[in-house]
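Visitor: Have a look at the structure that comes next, please.
The values are calculated or read from the model by the stated rules, or taken from the named source; none is laboratory data. Computed from a predicted model, the values in this text were never measured in an experiment. When we count neighbours, we look across all protein chains shown, and the Cβ atoms used for this are built from the backbone with ideal geometry, even at glycine. When the accessible area is computed, the model is the full protein with side chains, heavy atoms only, and any ligands, DNA or RNA have been set aside. Shrake-Rupley method; radii C 1.70, N 1.55, O 1.52, S 1.80 Å.
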Amino acid sequence: MTASAAAPAPVAIRRATPADADACGLICYDAFATISKEHNFPPDLPVPEAGQQLLATMFSHPGFFCVVAEQNGAIIGSNCLDERTPIAGIGPITVSPSAQNVGAGRQLMLAVMNRAEEKKFAGVRLVQAAFHGRSMSLYAKLGFDIREPLVVVQGPAPNVIPPGLSVRAAKAADLQACNTLCHRIHGHHRSGELLDAINQNIALVLENQGRITGYTSLVGFFGHTVGESNLDLQALIGASPAFPGPGFLLPSRNTELFRWCLQRGLRVVQPMTLVSLGLYNKPAGAFLPSILY
């Protein structure tokens, strides 16, 4: 067998450390930018430093389990599992464009899926770029079901709150009411995520006659939002000064809310897909998922 025909070196998976964030962040940026450019979509991350900052936060956060893939002693990819809630979220999973088709993506997925099984999470979920056929095929082969078509929406903030509703900053004392609302809509709470957002002073709650009927950890790429009705989501979107990241994710089958956004000058950036493995309840209210789910 010639050197050019030799089998590729094996891929090894290990636990990520904060020291890996710079290398993994560059790969994260490069991988997303490459696939987005191939399909004529803007990149999820604007600059390499954004990928490094994101993974530095996740690799050092006790609520995340993160792994890296190595080949010939060099890092070629990474993946994370958000363990802050009863339903685990996967991502961002990225493999260097120069190290594709060696099985690294599958191994990175299996590593976090095995972790979720060991920790007895009721389910795991992720959001993927709908134009990326290879990743969708991988997730389907691994047992994930397609649950919701999504669109990333961006544009000028509407700056409008429906009459009779009020939006304010969320406080730690709101956590129980928000958890109860999320459980009623999704069948589980997202307390760990919301508490982090409250501590970062970015979470909002919506009150209707003194009762919390909606909340958001952030109306943006990395936040989730729930409400009893579309009116609640309209108020939370309308009260947000901007939508950090590429935009916020909106279930496109919610045509009422989708049209409301378009009529106020917001635009579609790209399509995405919510997939799940394990427990999944059909939402009993209005919601905006995060990039994790």
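Visitor: Sorted by mean Cβ packing within 10 Å, highest first, what order do the peptides 233-240, 165-172, 58-65 take?
Guide: Working: 233-240: 23.6, 165-172: 14.6, 58-65: 16.6.
The most tightly packed comes first, giving 233-240, 58-65, 165-172.
Visitor: Explain nothing, just the number: relative contact order of region 22-79, from Cα pairs under 8 Å at least 6 residues apart, as a whole percent.
Guide: Values: 67 pairs, mean separation 21.8, N = 58.
Normalised by residue count, the contact order of region 22-79 is 38 percent.
Visitor: Within 10 Å, count the other beta carbons around each residue, average over each peptide in 194-204, 215-225, and list them highest first. Could the numbers behind the result be given before it?
Guide: On the way: 194-204: 18.0, 215-225: 24.7.
Packing order, densest peptide first, comes out as 215-225, 194-204.
Visitor: Given the rule -39500 (n - 2.57) for each run of at least 4 DSSP H residues, summed and divided by the residues of the chain, what is its mean residue ellipticity at 222 nm, to the nearest 500 deg cm²/dmol? Present the calculation step by step, with values, prior to reporting the outcome.
Guide: Working: 8 runs with 95 residues, N = 293.
For the chain, the value works out to -10000 deg cm²/dmol.
Visitor: Starting from the exponent 0.38 and prefactor 2.2 Å, build the expected Rg for region 72-225 from its residue count and divide its actual Cα Rg by it. Please report the intermediate quantities before stating the final value.
Guide: Values: Rg = 18.4 Å, N = 154, 2.2 N^0.38 = 14.9 Å.
Relative to the rule-of-thumb radius for its length, region 72-225 sits at 1.23.
Visitor: Please arrange 229, 290, 191 by accessible surface area, largest first, computed with a 1.4 Å probe and ligands excluded.
Guide: Numbers: 229 45, 290 0, 191 25 Å².
Solvent-accessible surface, decreasing: 229, 191, 290.
Visitor: Here's another thing I want to ask about it. Sorted by mean Cβ packing within 10 Å, highest first, what order do the peptides 105-113, 89-97, 273-281 take? Intermediate values should be presented prior to the final figure.
Guide: Working: 105-113: 20.2, 89-97: 22.4, 273-281: 18.6.
In decreasing order of mean packing, 105-113, 89-97, 273-281 become 89-97, 105-113, 273-281.
Visitor: Quick check: the distance between the Cα centres of region 184-253 and region 1-74, to the nearest angstrom?
Guide: Between the Cα centre of region 184-253 and that of region 1-74, the gap is 29 Å.
Visitor: For the chain, with only Lys/Arg (+1) and Asp/Glu (-1) charged at the beta-carbon, what is the dipole magnitude about the Cα centre, in debye rounded to 20?
Guide: Working: 22 positive and 20 negative charges, 109 e Å.
About 520 debye.
Visitor: Using 7 Å Cα-to-Cβ label points, what is the residue 74/residue 176 separation (nm, one decimal)?
Guide: Taking the simple label geometry, residue 74 and residue 176 are separated by 5.5 nm.
Visitor: Still on this structure, I have one more. How many Å² of accessible area per residue for the chain, probe 1.4 Å?
Guide: Values: 12940 Å² over 293 residues.
That works out to 44 Å² for each residue.
Visitor: Taking the Cα centre of region 59-125 as the origin and placing charges on Cβ (Lys, Arg +1; Asp, Glu -1), which of 65, 104, 89 is farthest toward the positive end of the dipole?
Guide: Of the listed residues, the answer is 89.
Visitor: Could you derive backbone 3J(HN,Hα) for region 132-137 from the dihedral phi with the Karplus parameters 6.51, -1.76 and 1.60 (θ = phi - 60°), listing whole Hz in sequence and x where the residue is Gly or Pro?
Guide: 8, x, 5, 5, 4, 5
Visitor: If you count only protein heavy atoms and use a 1.4 Å probe, how large is the accessible surface of residue 29, to the nearest 10 Å²?
Guide: 60
Visitor: Another question about this same structure. Please state the relative contact order of the chain as a whole percent: Cα pairs under 8 Å, 6+ residues apart? Kindly include the intermediate steps, with their values, before the conclusion.
Guide: On the way: 609 pairs, mean separation 59.3, N = 293.
Dividing the mean separation by the residue count of the chain yields 20 percent.
Visitor: A follow-up question, please. May I ask for the net charge around residue 279, where only other residues with Cβ less than 12 Å from the Cβ of residue 279 are counted and Lys, Arg are +1 while Asp, Glu are -1?
Guide: On the way: positive: 120, 125, 147, 282; negative: 145.
Combined, the nearby Lys, Arg, Asp and Glu give +3.
Visitor: Also: For region 65-199, what's the relative contact order in percent, using C-alpha pairs closer than 8 Å and at least 6 residues apart? Kindly include the intermediate steps, with their values, before the conclusion.
Guide: On the way: 131 pairs, mean separation 28.4, N = 135.
After rounding, I find 21 percent.
Visitor: Calculate, in whole percent, how much of the Cα-Cα pair population of the chain lies beyond 30 Å.
Guide: Working: 12937 of 42778 pairs.
When every Cα pair of the chain is considered, 30 percent fall beyond 30 Å.
Visitor: Among 233, 212, 183, which residue has its Cα furthest toward the positive end of the charge dipole of region 144-243, with +1 on Lys/Arg Cβ and -1 on Asp/Glu Cβ?
Guide: The residue sitting farthest along the positive end of the dipole is 212.
Visitor: Within region 43-79, whose backbone N sits under 12 Å from a point 7 Å along Cα→Cβ of residue 12?
Guide: Once the point is set 7 Å along Cα→Cβ of residue 12, 69-75 turn out to lie under 12 Å by backbone N, inside region 43-79.
Visitor: Continuing with the same structure: Compute, for region 91-229, the length of the dipole vector about the Cα centre, with Cβ point charges of +1 (Lys, Arg) and -1 (Asp, Glu) only. Units Debye, rounded to 20.
Guide: With Lys and Arg at +1 and Asp and Glu at -1, about 260 debye.
Visitor: Could you work out what % of the accessible surface of region 102-166 is carbon and sulfur, using a 1.4 angstrom probe and leaving DNA, RNA and ligands out of the count? Provide the component values of the computation, followed by the final result.
Guide: On the way: 1630 of 3080 Å².
Its accessible area is 53 percent carbon and sulfur atoms.
Visitor: Right, another one. Please list, in chain and number order, the residues 5+ apart from residue 130 or on another chain whose amide H is under 5 Å from its amide H, with Hs placed from the backbone.
Guide: Those lying under 5 Å, H to H, from residue 130 are 272, 273.
Visitor: Right, next: Could you compute the net charge surrounding residue 26? Neighbours are other residues with a C-beta less than 13 Å from the C-beta of residue 26; K and R count +1, D and E count -1. Spell out each step's value before the answer.
Guide: Details: positive: none; negative: 20, 22, 30, 49.
Local charge sum for residue 26: -4.
Visitor: What whole-number value in cubic angstrom gives the convex hull volume per residue for the C-alpha atoms of region 1-74?
Guide: Values: hull volume 8.4 nm³, N = 74.
Spread over its residues, the Cα hull of region 1-74 gives 114 Å³ apiece.
Visitor: Now a separate question. With the crude spin-label approximation of a point 7 Å out along Cα→Cβ, what separation in nm comes out for residue 37 versus residue 122?
Guide: If labels sit at residue 37 and residue 122, their model points lie 4.3 nm apart.
Visitor: In the chain, which cysteines lack any other cysteine Cβ under 4.7 Å from their own?
Guide: Lacking a cysteine Cβ partner under 4.7 Å: 24, 28, 178, 182, 261.
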